[in-house]
Amino acid sequence: MDHLTRLENKSIYIIREAYYQFKDIAMLWSVGKDSTTLLWLCRKAFFGHIPFPIIHIDTSYKFPEMYQFRDTRAKEWNLNLLIGRNEEKLKEGMGPGQGSKLDCCNELKTNALKSVIKKYHLKAILLGIRRDEHGIRAKERYFSPRDSQFKWDYENQPAELWDQYQSMVEEEEHFRIHPILHFAEFDIWNYVKREELPIIPLYFSKNGKRFRSIGCVPCCSPIDSNAQTIDEIVEEIRISKTSERSGRAQDKENIYTMQKLRALGYM
Amino acid sequence: MKLFKGKVKKALIIGIDGVPYSLLSTYLQKDLMPNLKMILSQGLTLHQMNASIPDISSVSWTSFNTGVNPGEHGIYGFTDLKPNSYSLCFPNSKDIKAPTFWEILGKTNQKTSTLSQKYYNKIIHPYRSVIFNVPHTYPALPMNGILVSGFVAIDLKKATFPDSTYTYLHSMNYLIDVEAEKAKEDKMEFMKSLFECFEIRKKAISHFFAGEPWDLFFACITETDRLHHFFFDASSDKENPYYESFLRFYVELDKFIKYLYEQFVERYSEKGFFMILSDHGFAPVKKEVYINKFLEEKGLLVLKKEGNFYERVENKTKAFNLDPCRIYIHGKDAYPRGTVREEEKTDLLEEIKKILRTLKGENGDEVIDKIFEKEDIYHGPHTRMAPDLVCLPKDGYDLKGSLEKKEIFGYNVFKGMHTWHDAFCILPSNISFSKKPSVEELTDYIIQYYSQ
């Protein structure tokens, strides 16, 4: 079995197991490359028809290409798409320019997701996070017991898998399941290539710049790149020494800390 | 039946961020703080005290909290560079390498220090503490008691231990801090928010003070530091539009100290241990001094145009400065683009010291008061990250680490600057010092009290 098939099998196994355990389940789709890969895997797991809803948390600040991509694919793949928006805060004018970026993310992402979970009585959410994408996610693996166990005895002890996930329950009462945790950025692009997955054009180079990671327009900046095809992206990532999210605004806490320190004349 | 026989030990410590000895003395003389004056007549003495070096809240409070110098606790400022890199990071409570006094007293310390070793086996039973709003205790780490982190706490949930503390604070709309960023827009409004924040702080402190069991209670008032940063010019100038408000804040503060003190004495009579301290002093700002610009003009610092903060440091750079005046040699072994070899370091340090002493203000007055080499002031296992030189300015010149300034001298919105030499402490009169105390020396007296 080749590397990508092995990764794929692992993910599909987790997706099916998750659906078996929880009927009140949904998948979170940010429309980026990772969660689109996860969506693709979900389709594969259920032979083209996903038996649970797909949630998109809409901050209203996403790239226009993302909305377009979302709506086209949702129609084509016949998705049961739920849109989560914090209408109340959006009406109040919440945005990255107003208040801190931390508040903005909290309100428009976290709280929007919380209310979707509540509204639809969801018990479990599938997320497309990956171990290698962000310092914090890699760190959790090492410092939190839940992740050292999460590091996958599940192949041998499927019955205990869910007990181990139990320790991952955060303040919200739901399970978070990460079927593509073991994919690296490099794997994602190779997989996108192999599966001929549709992908948002923002990832491809335009005028010497491309986005390596996408989210809200004000908090993302493109990297210098001439990669115009998936092959070129794969090659670029193979030799790249900078982090995937270097174009993203920094950690929310760091931004806030910086703001606080600057207000008192430091930095 | 009492399970634990022995003397009841109770301590109340009040921290007041950034209150200078000199201002406090003046206000006491002018009878503006009658309650504190009354308290001082009851077997307590006011001392002038040195802050930590540098005189930054995170360093000074950590020095007090651990009772050791930065060489042992590892905190040198609000910012640092990650090892062998130019990326800025923000040290927090997890980076403190020495145990705090509440960890030692609570017998929960997992680290050791010269102080904890000294009292090893002398604390018989664990003491429970309430630690409230002390800077640089974020995120709140598990301890024996209750902890609510102070500046720079971001997320209230992570700033509280145990969880029930969060529930209460959340329910009362607790504020971690005033929004200092708003001071630029509307000073009047900001002044108002300082009082509001102080009200909430008092309410929360009183709640834990009265409602929780504790052996040691340590609460910090941090609004004073913010007040001083933006309004210190109003502290003694009757013409200043904020003079009244400034005094009113001190009157409120005086009342709150009285409230806590009286409650404490009522419950534990004179047997308790009482102490008040600040972490640094304050003085009016004449000018801000951008040390990096100075180093750049002297050819010691070369910056690229692009990049964030210290990522701009080029390989020709010999030295750079981090807030407020922590000068680091751009060593070959320490930084990716570093070029200064170990054997060149001594001469380079001498050269930089000489150059710094030439830095003069408008009237030819000296800007730099003291220059310390790392080895002079830092001792312990964590001096690797220590700055090679630290400067203290003459009062009035606020040294800064900014990399974006076009001139060496400049102005900002700030009216006050930290001072090293003018912090204060109020201690039981039986404690005396042969020379001016430093903030980290006080901690020993607290633990000593519990070990007797």
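The values are calculated or read from the model by the stated rules, or taken from the named source; none is laboratory data. Everything quoted here is computed from the prediction, not taken from an experiment. Cβ coordinates were reconstructed from backbone atoms using ideal geometry, including for glycine residues, and neighbour counts include every protein chain displayed.
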Picking from B:S57, B:S85, B:S41, the residue that is under 26 Å from B:C325 (Cβ atoms) and either free of Cβ contacts under 8 Å to residues at least 60 places away in the same chain or surrounded by 17 or more Cβ atoms within 10 Å (Cβ to Cβ) (or both) would be B:S57
Regarding the range B:294-311, can at least one residue be identified that is touching a strand residue (DSSP E or B) at 6+ places or on another chain (Cβ under 9 Å), in a strand (DSSP E or B), over 30 Å from B:V8 (Cα atoms) and of a type outside the set (D, E, K, R)?
yes
Residue under question is B:N321, and the condition is that it be in contact (Cβ under 8 Å) with a residue 24 or more places away in the chain, surrounded by 15 or more Cβ atoms within 10 Å (Cβ to Cβ) and polar (S, T, N, Q); does it hold?
yes
Here are some conditions: (1) over 25 Å from B:K10 (Cβ atoms); (2) surrounded by 24 or more Cβ atoms within 10 Å (Cβ to Cβ). B:P34 meets all but one. Which one does it not meet?
(2)
Condition set within 12 Å of chain A (Cβ to nearest Cβ) and out of contact with any Leu (no Cβ under 7 Å at 6 or more places or on another chain), scope the range B:313-325, selection nearest to B:T346 (Cα to Cα): answer is B:L322
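Per-residue answers, yes or no, for (1) of a type in the set (V, I, T); (2) under 21 Å from A:I214 (Cα atoms); (3) free of Cβ contacts under 8 Å to residues at least 24 places away in the same chain:
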position	(1), (2), (3)
A:V31	yes, yes, no
A:I54	yes, yes, no
A:P64	no, yes, yes
A:A74	no, yes, yes
A:G84	no, yes, no
A:K89	no, no, yes
Candidate set from the range A:210-227 (those that are of a type outside the set (D, E) and over 22 Å from the mean Cα position of the chain (by Cα)); member that is farthest from A:I129 (Cα to Cα):
A:N226
Do you know which of the residues in the range B:297-315 that are acidic (D, E) and over 29 Å from the mean Cα position of the chain (by Cα) is modelled with the lowest pLDDT?
B:E306
Looking at the range B:111-132, which of its residues are within 23 Å of B:A210 (Cα to Cα), under 25 Å from the mean Cα position of the chain (by Cα) and in a loop (DSSP other than H, G, I, E, B)?
B:Y127, B:R128
Within the range B:317-343, the residues that are assigned to a loop (DSSP other than H, G, I, E, B) and touching a Pro at 6+ places or on another chain (Cβ under 9 Å) are B:D323, B:P324, B:C325, B:A334
Condition test on B:K271, is it surrounded by fewer than 19 Cβ atoms within 10 Å (Cβ to Cβ) and closer than 23 Å to B:I431 by Cα?
yes
Of the residues that make up the range B:369-380, is at least one among the basic types (K, R), more than 14 Å from every other protein chain (Cβ to nearest Cβ) and surrounded by 15 or more Cβ atoms within 10 Å (Cβ to Cβ)?
yes
Specify which of the listed residues (B:K406, B:K374) is under 16 Å from B:R326 (Cα atoms) and not hydrophobic (A, V, I, L, M, F, W, C).
B:K374
For the range B:324-350: of the residues being among the β-branched types (V, I, T) and free of Cβ contacts under 8 Å to residues at least 24 places away in the same chain, which is surrounded by the most Cβ atoms within 10 Å (Cβ to Cβ)?
B:V340
Residue tally, condition under 18 Å from the mean Cα position of the chain (by Cα) and at pLDDT 85 or above, over the range A:111-121
4
For the range B:166-194, enumerate the residues that are assigned to a helix (DSSP H, G or I) and away from chain A (no Cβ under 14 Å).
B:Y168, B:L169, B:S171, B:M188, B:E189, B:M191, B:K192
Looking for something of a type outside the set (S, T, N, Q), within 14 Å of another protein chain (Cβ to nearest Cβ) and surrounded by fewer than 22 Cβ atoms within 10 Å (Cβ to Cβ) - is there at least one such residue anywhere in the range B:118-139?
yes
Quick one: which residue in B:K202, B:K271 is modelled with pLDDT of 95 or more and assigned by TED's automatic domain parsing to the domain that holds B:Y168?
B:K202
Looking at (1) part of a loop (DSSP other than H, G, I, E, B); (2) modelled with pLDDT of 85 or more, find the lone condition where A:I237 falls short.
(1)
Evaluate the following for B:S434: is it closer than 27 Å to B:I39 by Cα, away from chain A (no Cβ under 14 Å), crowded, with 19+ Cβ neighbours inside 10 Å and modelled with pLDDT of 95 or more?
no
Lone qualifier among B:E288, B:E252 - being outside any strand (DSSP E or B), under 23 Å from the mean Cα position of the chain (by Cα) and more than 16 Å from B:P20 (Cα to Cα)
B:E252
How do the pairs read when you match residues in the range A:245-267 that are at the interface with chain B (Cβ under 9 Å from one of its Cβ atoms) with residues anywhere that are at pLDDT below 70 and outside any loop (DSSP other than H, G, I, E, B), using Cβ under 6 Å and keeping only pairs 6 or more apart or on different chains?
A:K252/A:L102; A:Y256/A:L102
In the range B:140-152, which residue that is part of a loop (DSSP other than H, G, I, E, B) and more than 9 Å from chain A (Cβ to nearest Cβ) is surrounded by the fewest Cβ atoms within 10 Å (Cβ to Cβ)?
B:P142
In this structure, does B:I291 turn out to be within 14 Å of another protein chain (Cβ to nearest Cβ) and of a type in the set (A, V, I, L, M)?
yes
Go through the range B:430-452 and count every residue that is farther than 17 Å from B:D17 by Cα and in a helix (DSSP H, G or I).
9
Could you tell me which of the residues B:D365, B:D333, B:D398 is over 21 Å from the mean Cα position of the chain (by Cα), within 24 Å of B:Y310 (Cα to Cα) and not assigned by TED's automatic domain parsing to the domain that holds B:S85?
B:D333
